[in-house]
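K.L.:
Structure below; questions to follow.
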Amino acid sequence: LIRQGLRATNDTAAVAKFWVGSFTWILLFQIAIMSFWLKLMYQRQRRYFVEHFVLLIHLHSGFIFLLTFISTLRTYLHFDWLSRSLSLWWFAIATLLAMYFYYGQSKRKTLLKYLIFCFLYAIMFFLAIVLSFLTSFLFF
């Protein structure tokens with residue numbers, strides 16, 4: 001562990017590059033965990049785990065596409081204010097609408113489950129980032 005610490009302090013750029021390279025695995029881990037939470041929240045609908053997983057893959061791929069498009073706009077048109085607000089609003093509204101239309105529950109139930117989902121997502125994302133950083137540090 002001490003050797004890893006010395007190695008990481010000598011080459012911090014390589015540790016950061018290794019961690020960013022493992023971000024895909026972090027995202028897949030996050031989607032799998034959140035699919036499990038959706039499976040628990042929508043237990044009465046008797047949907048398969050894979051259905052929740054595909055829904056979250058769809059939402060995340062749309063978000064990544066939007067971030068790519070926005071970074072292109074930032075590069076060529078210098079829309080910094082638009083990029084930050086548009087990406088976060090899109091993800092929040094698209095997730096809410098996807099939950100409403102896909103699961104077909106009332107607006108009140110959907111909003112409540114959406115707020116629970118967002119809270120759990122924030123916690124799980126933070127834990128996934130911390131755990132990935134620690135594992136990247138150990139296996140670098």
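The values are calculated or read from the model by the stated rules, or taken from the named source; none is laboratory data. Keep in mind the model is a prediction, meaning the values are calculated, not measured. Note that each Cβ is placed from the backbone with ideal geometry, even for glycine, and that neighbours are counted across all protein chains shown. The area values use the complete protein model at the heavy-atom level, side chains included, leaving out ligands, DNA and RNA. Shrake-Rupley method; radii C 1.70, N 1.55, O 1.52, S 1.80 Å.
K.L.:
Counting only residues that are crowded, with 16+ Cβ neighbours inside 10 Å, farther than 22 Å from Arg46 by Cα and of a type in the set (Ser, Thr, Tyr), how many does the range 83-120 have?
P.N.:
Summing the residues that are crowded, with 16+ Cβ neighbours inside 10 Å, farther than 22 Å from Arg46 by Cα and of a type in the set (Ser, Thr, Tyr) in the range 83-120 gives 2.
K.L.:
Okay, moving on. Criterion first (without any contact (Cβ under 8 Å) to a residue 60 or more places away in the chain, surrounded by 11 or more Cβ atoms within 10 Å (Cβ to Cβ) and farther than 28 Å from Phe18 by Cα) does Leu127 satisfy it?
P.N.:
no
K.L.:
Looking at Ser71, Ser61, Ser106, can you tell me which residue is of a type in the set (Gly, Ala, Ser) and over 27 Å from Phe133 (Cα atoms)?
P.N.:
None of the other options fit; the residue is Ser106.
K.L.:
Could you please let me know if Phe18 is within 26 Å of Phe137 (Cβ to Cβ), modelled with pLDDT under 90 and surrounded by 13 or more Cβ atoms within 10 Å (Cβ to Cβ)?
P.N.:
yes
K.L.:
Do you know which residues across the range 105-137 are in contact with a helix residue (DSSP H, G or I) (Cβ under 6 Å, 6 or more places away or on another chain) and of a type in the set (A, V, I, L, M)?
P.N.:
Matches in the range 105-137: Leu120, Met124, Ala128.
K.L.:
Only residues that are open to solvent by 90 Å² or more (accessible area, probe 1.4 Å) and more than 17 Å from Ala98 (Cβ to Cβ): list them for the range 55-78, please.
P.N.:
At the first step, the residues of the range 55-78 found to be open to solvent by 90 Å² or more (accessible area, probe 1.4 Å) are 58, 65, 69, 74, 76-78.
Residues satisfying the conditions are Phe69, Arg74, Tyr76, Leu77, His78.
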